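Here is the structure we will look at, set down as structure tokens.
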């Protein structure tokens, strides 16, 4: 029987999952990819914020560009060897963020599933994702 008071006191601990099965082999690359996608989205938001607050000449140069064209234009901005003005600093930051946004995640969930199958896990068909049932 489950003792609620012991659980709340931290005395009744369950056994952790073994984390050595096929599901774990698929979950781990997926977690890494999700993290990379979120980081790329944050970098793009930061890039847009810097473009909005950039000095007028730089802002005009990048105005009206979205996603791919904006990233391409930012990557092609001239790099300053030394940061002597605020424009140099913003340009360097924008180039860095654009490069980060253009990076692709190295693994997709489909690649993780194929890789799990290569190690003899799973069938030849995609399996439905298990959902957590709290009951």
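Only the coordinates and a few stated rules stand behind these numbers; no lab work does. Only a predicted model underlies this, so the values are computations on that prediction, with no experimental measurement involved. Here the Cβ positions follow ideal geometry from the backbone for every residue, glycine too, while neighbour counts run over all protein chains shown.
As a calculated quantity, the FRET efficiency between residue 72 and residue 19 at R0 = 30 Å, using C-beta atoms, amounts to about 0.15.
Under 8 Å for C-alpha pairs, at least 6 residues apart: give me the relative contact order for segment 21-117, rounded to a whole percent.
Computed value for segment 21-117: 46 percent relative contact order.
A full extension of the chain between residue 9 and residue 34 corresponds to an added length of 5.6 nm, given 0.36 nm per residue minus the alpha carbon distance.
Can you give the convex hull volume of the alpha carbon atoms of segment 21-117 per residue, in Å³?
Numbers: hull volume 10.0 nm³, N = 97.
Each residue corresponds to 103 Å³ of Cα convex hull volume.
Taking 0.36 nm per residue of separation and subtracting the current Cα-Cα distance, fully stretching the chain between residue 53 and residue 104 would add 15.7 nm. The distance between label points at residue 61 and residue 84 comes to 1.6 nm (points 7 Å beyond Cα on the Cα→Cβ vector). The residues 91, 82, 53, when put in order of fewest to most other Cβ atoms within 10 Å, stand as 82, 53, 91. By other beta-carbon atoms within 10 Å, ranking 42, 95 with the fewest at the front produces 42, 95.
Fewest first, what order do 35, 96, 18 take by the number of other Cβ atoms within 10 Å?
Numbers: 35 11, 96 16, 18 7.
Listing 35, 96, 18 from fewest to most nearby Cβ atoms yields 18, 35, 96.
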